[in-house]
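The values are calculated or read from the model by the stated rules, or taken from the named source; none is laboratory data. Predicted, not measured: the structure shown is a model, and the values here were computed from it. Neighbour counts are summed over all protein chains in view; Cβ atoms, including those assigned to glycine, are modelled from backbone coordinates with ideal geometry. With ligands, DNA and RNA removed, areas are computed over all heavy atoms of the protein, side chains included. Shrake-Rupley method; radii C 1.70, N 1.55, O 1.52, S 1.80 Å.
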Amino acid sequence: MDQPNTQQAWDRAAAGWNRHAPAIRRWLEVPTDVMIRMAGVQPGNRVVDVAAGAGDQTIDLARVVGPNGRVVAVDLSPGVLRHAAENAKAAGMAHVETHRADAADLRLPAASFDAAVCRLGLMFLPDPLAGLREIRAVLAPGGRFCSMVFAGPEVNPCIRILMTTALRHAGLPPRDPFLPGGLLSLGRPDALDGLFRQAGFFNVATTRIEAPFHLPATADYMAFIADAAAPILQILAPLDATARTAALADMAGQLDAFQTKAGWVGPNSLLLTTGQR
C-alpha cells in the first residue's frame, strides 16, 4: 500500500481501533510485555514507539520509563495519533509525546533514543529495510530495538482467511503473502533476522509467541474486523454495502471453525525480533 492510501485507511479505522482497545490489550498484553523487555527498556530511558497506533503499548512504555523518561509515539496517521495523545493524557502520562512521521523517515534526531519498539507495524512498510535503518539511526550506541510482526500464513489461519476472502470478493487475484507491505509479509522464517543484520543491528534474535485472540463469539471478532482492520477494509472499500456485507458474512462462516464451548479462540502466532545498535 502506498503512503497516502495507508494513512487514509488507518485514519478511517482509528476510532474503531481505539474502541476495541480493551480487547486488543487482552490479546497482546503478554507479547507486549515481552517486547518491552526484549527492547531493554529501563526507568529513565528515552524510547520511540514506531507505528504506535492508539498508544496502548505507549502507555506501558511510559509506565516503565517513569516520569524521568520520555516516550515518543510515532505514527503515519494523525487520526490514530489523536487517540494516542488523548489516551496518554487520560492515563496521566505527561512524558508521552506524539509525532506524525513515516517509519522510513522518522525526522527525529540521530542517536537520541535508548530503545525503540514497533508493535505490528513493520510488516506494513513497503521497504522494511529502509525502516530498520531509520530506526537504528535514531538509537544511541548500544540501544536496542524490538519489533513484533505476524508469523507466516500457515500459523495464522484467521488472517489467511480474511485476506483470501477479501481479495476474492473484491475480484482481485490471490497475493503472495510475503510481498512487502502485507499483514504476513515478514513471517517467512529467518527473514527478519537477515533484515536486522543488513540494517546494521547485531545481537539479533527472534522469538515466536503464540497469542490466541479470545472473544465470546465469532461475531465479536467480525465486529473488530469491520471496525478496525484497515488492511482488510481497504481491499473491500471499492465494494458497495451489499457486497461488503456478503464478504464479511463469508469470512464469519469460515471463522466459525474456531468457536469453542468456552468462546471464540482465533490462533495467532507472532515473531518478536530484537537487535542492538
- Message: Tell me the per residue accessible area of the chain using a 1.4 Å probe; a whole number in Å² is fine.
- Response: 42
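Using alpha carbon coordinates only, what is the Rg to Rh ratio of region 160-277, with Rh defined as the Kirkwood radius?
Computed over Cα atoms, the ratio is 1.05.
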- Could you give the length gained on full extension between LEU239 and GLN198, defined as 0.36 nm per residue of separation minus the Cα-Cα distance, in nm? 10.7 nm
- Item | Descending semi-axes in whole angstrom, ellipsoid equivalent of region 22-163, from the Cα gyration tensor | 22, 18, 15
- Excluding ligands, DNA and RNA, the carbon-plus-sulfur percentage of the accessible area of the chain with a 1.4 Å probe reads 56
- Task: Would you look at the GNM of the chain, springs on alpha carbons closer than 10 Å, and say which of ALA94, ALA229, ALA54 moves the most?
- Result: ALA94
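Please compute the length gained on full extension between HIS99 and THR207, using 0.36 nm multiplied by the number of residues separating them and subtracting their Cα-Cα distance.
Net length gain for the segment: 36.0 nm.
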- Message: Just want to confirm a number: the relative contact order over region 161-256, from Cα pairs under 8 angstrom separated by 6+ residues, in percent.
- Response: 39
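Considering only DSSP beta bridges with both partners in the chain, what is the antiparallel share in %, to the nearest 5?
50
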- Calculate, in nm to one decimal, what LYS89 and ARG175 gain on full extension: separation in residues at 0.36 nm each, minus their alpha carbon distance. 26.9 nm
- Where does the chain land at 222 nm, in deg cm²/dmol rounded to the nearest 500, when only DSSP H runs of n ≥ 4 count, each adding -39500 (n - 2.57), divided by all residues? -14000 deg cm²/dmol
- Task: Rounded to whole Å and ordered largest first, report the semi-axes of the equivalent ellipsoid of the chain derived from its Cα gyration tensor (root of 5λ).
- Result: 30, 20, 18
- Query: Measuring from label point to label point, each 7 Å out along Cα→Cβ, what is the ARG26 to ALA110 span in nm?
  - Reply: 4.7
- Query: Can you tell which of ALA103, ALA243, ALA130 shows the greatest fluctuation in a Gaussian network model of the chain with Cα springs below 10 Å?
  - Reply: ALA243
- Query: Over the chain, what is the mean sequence separation of C-alpha contacts under 8 Å (at least six apart), divided by residue count, expressed as relative contact order in percent?
  - Reply: 21
